[in-house]
Structures are given as C-alpha cells and as structure tokens.
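In what follows, a structure is listed as structure tokens, so that the remarks can point back to it.
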Amino acid sequence: MSRPLALLTVAALARLTFAAEPPVELPQAPIRLDAGQQQAIGLTWGTAERRPVEKVIRTVGRLDFDERKLAQVTLKVGGFIEELFANYTGQPVRRGDPLFTLYSPELLTAQREYLLARETERRLRGSSLPEARASAASLARASRERLRLWDLSPQQVRELEESGQARRTLTIHSPISGTVIEKTAVAGLRVEPGMTLYRIADLSTVWAYGDVYEYELPLVKVGQQADLALTAYPAERFTARVAWVSPVLDSKTRTAKVRFELPNSPDQILRPEMYGTVELRVPLGERLVVPGTAVLDSGRRQVVFVDGGDGRLLPREVRLGARFDDAVEVLGGVEPGERVVTSANFLVDSESKLQAAESMMGMMGALGMGGVKMESARPMEMGGGEAPASPGALPAGEKQVGDLRVAVFPARETATVGENAIRVRVRDAAGAPVAGATVRFSYTMDMPGMTIEEAPARELGDGVYEGAARFSMGGPWSLVVEIARPGKPPAREKFTLRVQP
C-alpha cells in the first residue's frame, strides 16, 4: 500500500456520488497490508470456529414472598383482645403457637348454648318420643357446627365438652410456622369479623422476579436452573429454578415477568425486597462463531475481513445468527478455521472502500463517463442555520444551558481545515454579557480512532471568549463547551460545527 496510512481515516469521509443520484453504500475491494502496516494500525486476528456455545440471559432479580406460604389471621366473630402473646412484628412463630386470647360475648353465649343442647340431648335419650330425641340431637349438632364455623378447633371443643364449663376467653393459635410480617393486634383492641390482625410468612422458600426481553423468551422454560448473586453476599451463589413465565408482555419495556423459586438458608438470609442478578445459562450446542469485534455492522450489511494470505485482507459479507457475550454466530460467509480481523477493522474498511471507489472512477474515466466526483462534508452554519456575515458577528441562534444562553461560532466566516479561532458567547437569562467566567472547550470528530482535543478560551469582552482549534479534516465536528463561574454550578453543552475542507 503506497499511500500514507492517514488515508485510512480520510477515506471514511469520502462518498462516491453521481449527478442527481442519492448516495449509495460503497462497494469494497480487497487490500494488502504488510506486517509493518498491520502493526502500525494495531491489527489483530481471531478465528472462525465451531464450538459449543451457551446463551447467558441476565436480569435484575427482586426477592419476594412465596405467595403459597402466606397466612392472614382474621376472626369470624367480634370481640376484644385481652392477652397478647405474639406482640411484635418480626417475631418467629410455629404452627399452633398462641397469638392472643379473645373475649367474645357471642362466642361465650354459643358455648353455653352448646352445653345446654348436649345436656338436653342426654336427658331425652330415654324419652319414648322419637321426635323429641331427634330434635335434641339435631340442636346439639347445630350448636357444635356453629362453634366449628367460628374456628374452634376439635381439641377446644373436646375440652369444652369434658369440662362442661364455657370458657370466658378463647386462645387464637398461629395457622402456620413463619415470621410475623404485619401486626395490627394490640391488647384491648375491639375486633370485628374479617379484620386482619396478623400476616405471617413462611420464609423457607422465596421467589425472585426478573424481566426478560421478548427476543430471549423462546430460550426460557419452566424448570430451568438459574444462579442468583446478591450484593449483600458477593461470595455466595444461590441456585433457583424457573417456576413461571408471564403469558403477557409489558408494552412499554417489551419484557415479560419471569418468576424464579429458590430455597432459603437455615438462618433465612434471603429476605424479600433484596435485589440481585439472575443468570440463566442456556446451552445451544455447537455453532460456527467469530469474535464479536470482527463484525462490521452497517445496519444493512454485516462484513468481516478474512485473511487471504500474503497480507491480503478480503471483505466478506456474512449472515449472522445469535449473539453471545464474546462471539456472534455466523450462518454463512466464512468457513471454520478462517482467520478474521478483530481490531482496526474500521481503518481496514475505510481503505477497502477507498480502493473500490478509485477503481470505479478509473473505469468510468476510461469509458468517458462524466459527472463523477468525490464529495466530502459541507460547511455548516451555527445557530439558526445562517453563518456569521462578517468577522466577529454573532449568530442569532443560541442554546439555553441552565441559566445561561450560549452560542458557538468561528471567528472567520466559516471554519476550515487547519487552525481556527472559535468563539463562545455567554449571556445570562436577561441577555446581559457574562464576564469573569472560566471557559474551555473540547472537540473531536465522532468517528472511531479520533482523539479528543481540549482548548482554553480567553475573555475578549462583552461576554465573548475565544480559543484555538485545529481541525484535521472537513466535516461535522462536535464541540463540548464547559463554563465555570464563582459560586455557580458548572455548565456544559454540546455543539456541532461543520468544517469546510
């Protein structure tokens, strides 16, 4: 390659256009780089290989209660809480542990009615009237059933029958083993039927919810194993499994909820509302892959550069499949074992397009075709689209940056390749010039390989500050202006300036 390596970056700006024709994507041509040139641009290689791959799906997981192991303590009869045993939120309880005692006039009356019905049934067993015996037995059964429906346990009913005395208070027991997560019960509280007095959660298992993107959903199946990492315990990994995949999609995030289930540790270190990272690894078998950095993706075409031997780099259009952490599947375009460029491919791509453009221009010139030109960037006017009419003139367009109004423009009529004086006009919200500020700006062209240069700006007066910038090529350049004022927060804004070649 006889031209300087600088052409590798300049070529990226060149576009081949025909009169009155829209720009099209340039073709590419093979190029040749010797070992020294490859080393100068930092070119590295990878290999297309067929190997086992797995898709890693990562999502943020939020721990929650296992809804199957939640219980509410409510009553079906009104009354008053007298003695409280579970008296604070977070208290561990076991199934059958006493929670509180209840005094209920209705319940006391129902016990007495049941004892009276039993006594009546006992006395009428020797009656000669079958109707009387049946009526007494029926009344006893109805009284017993009412106590059962009011949640008296069989053991409590037996104790009532054996003692023959109605108990003034009834002890309410925990329905499950777990932890009290909500408590409204206090001593002396009057309770009504249906009022929630306790919520108890069994934390032996917990759930984790994550959001999975729709394109990853085909890989997620119920029963798959996943790993959970928590910030609170960075050295530990917890094993979960997929328990449910939502049948609906969130229209705003394009994700579906996935629920993972995992056992808690004996000391229950997994707590609801903790956050962590869930990883779901899905083996996909053997696939032909290349390193992810080897692919140049323009949106319409995907290209890799293949080693053609003797320093030749061959552009090859490829069809891509699934993407993985460090590789991408190739469905066609390369063969296993071929070497591909993995770094500096932008420079290689620019040179390939330049050589293809030069070859095409030479061919058209030989055929006598006119109207062909190499077109670069046009100068851009700042502000409202009108360039300053004379040196030092200010554009009408400004940007609101916090409480400031800021404009950026070249000191000359247009910015050109080489040294330029760039001016920054700073005014306050009322339009008054801002003096005494520290102004600097950085500038670069938004393309790979370009460095960011910085320049201070000196104050000229009337709120105008001037700094020097050196532009190496024509086209759109990004300028980031930073303004510092005593006692005020710093202001920062991005502008775009077109440089004429």
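If the only charges are +1 at each Lys and Arg Cβ and -1 at each Asp and Glu Cβ, what is the size of the charge dipole of segment 409-493 around the Cα centre, to the nearest 20 debye?
The calculated dipole for segment 409-493 is roughly 200 debye.
Which of Val191, Ser153, Ser138 sits closest to the plus end of the dipole of segment 73-195, meaning its Cα is farthest towards the positive end, when Lys and Arg get +1 and Asp and Glu get -1 on the C-beta?
Of Val191, Ser153, Ser138, it is Ser138.
In segment 102-123, which residues have a backbone nitrogen under 20 Å from the label point lying 7 Å from Leu129's Cα in the Cα-to-Cβ direction?
It comes to 116-123, nothing else.
Just subtract the alpha-carbon distance of Ala137 and Asp267 from 0.36 nm times their residue separation and send over the number in nm, one decimal.
Stretched out fully, the Ala137 to Asp267 stretch lengthens by 41.6 nm.
Test of understanding: what is the full-extension gain from Arg458 to Val157, defined as 0.36 nm times their sequence separation minus their Cα-Cα distance?
Gain in length upon complete extension: 98.9 nm.
Enumerate the lysines that Lys76 could reach by cross-link, defined here as Cα to Cα under 19 Å, with residues fewer than 8 away along the same chain left out.
Of all the lysines, those that pass the test against Lys76 - Cα under 19 Å, at least 8 places apart if same chain - are Lys183.
For segment 212-220, in order, what is each residue's ³J(HN,Hα) by Karplus, 6.51 cos²θ - 1.76 cosθ + 1.60 with θ = phi - 60°, in whole Hz (x at glycine and Pro)?
Result, rounded to whole Hz: 10, 5, 4, 6, 9, 4, x, 8, 9.
Order Asp349, Asp428, most accessible first, counting only protein heavy atoms with a 1.4 angstrom probe.
Largest accessible area first, the residues go Asp428, Asp349.
Highest mean first, how do 183-196, 307-320 rank when packing is the count of other Cβ atoms within 10 Å averaged over residues?
Details: 183-196: 13.4, 307-320: 15.4.
Ranking, from highest mean packing down: 307-320, 183-196.
Name the long-range amide H neighbours of Leu479: under 5 Å, sequence gap of 5 or more, or other chain; modelled H, no Pro or chain starts.
Amide H neighbours of Leu479, under 5 Å, 5+ apart: Phe495, Thr496, Leu497.
Could you do me a favour and compute the accessible area per residue for segment 211-348, 1.4 Å probe, result in Å²?
That works out to 54 Å² for each residue.
Hey, rough spin-label estimate for Lys76 and Glu279, points 7 angstrom out along Cα→Cβ, what's it come to in nanometres?
5.2
Computing the accessible area with a 1.4 Å probe over protein heavy atoms, can you report the carbon and sulfur percentage for segment 58-110? Walk me through the numbers before you get to the answer.
Working: 1330 of 2750 Å².
Of all accessible area on segment 58-110, carbon and sulfur atoms account for 48 percent.
At a 1.4 Å probe radius, carbon and sulfur cover how many percent of the accessible area of segment 401-501?
The value for segment 401-501 is 51 percent carbon and sulfur by accessible area.
What nm distance separates the two modelled labels at Ala40 and Glu482, each placed 7 Å from Cα along Cα→Cβ?
Going by the 7 Å Cα→Cβ label model, 3.4 nm.
Can you send over the carbon and sulfur percentage of the accessible area for segment 139-258, probe radius 1.4 Å, protein chains only? Please report the intermediate quantities before stating the final value.
Working: 3640 of 6860 Å².
Answer for segment 139-258: carbon and sulfur cover 53 percent of the accessible area.
Taking amide hydrogens as modeled 1.01 Å from N in the peptide plane, which residues meet the under 5 Å criterion relative to Val328, leaving out close sequence neighbours?
The answer is Val290, Gly292.
The values are calculated or read from the model by the stated rules, or taken from the named source; none is laboratory data. Keep in mind the model is a prediction, meaning the values are calculated, not measured. Backbone-built Cβ (ideal geometry, glycine too); neighbour counts: all protein chains shown. When the accessible area is computed, the model is the full protein with side chains, heavy atoms only, and any ligands, DNA or RNA have been set aside. Shrake-Rupley method; radii C 1.70, N 1.55, O 1.52, S 1.80 Å.
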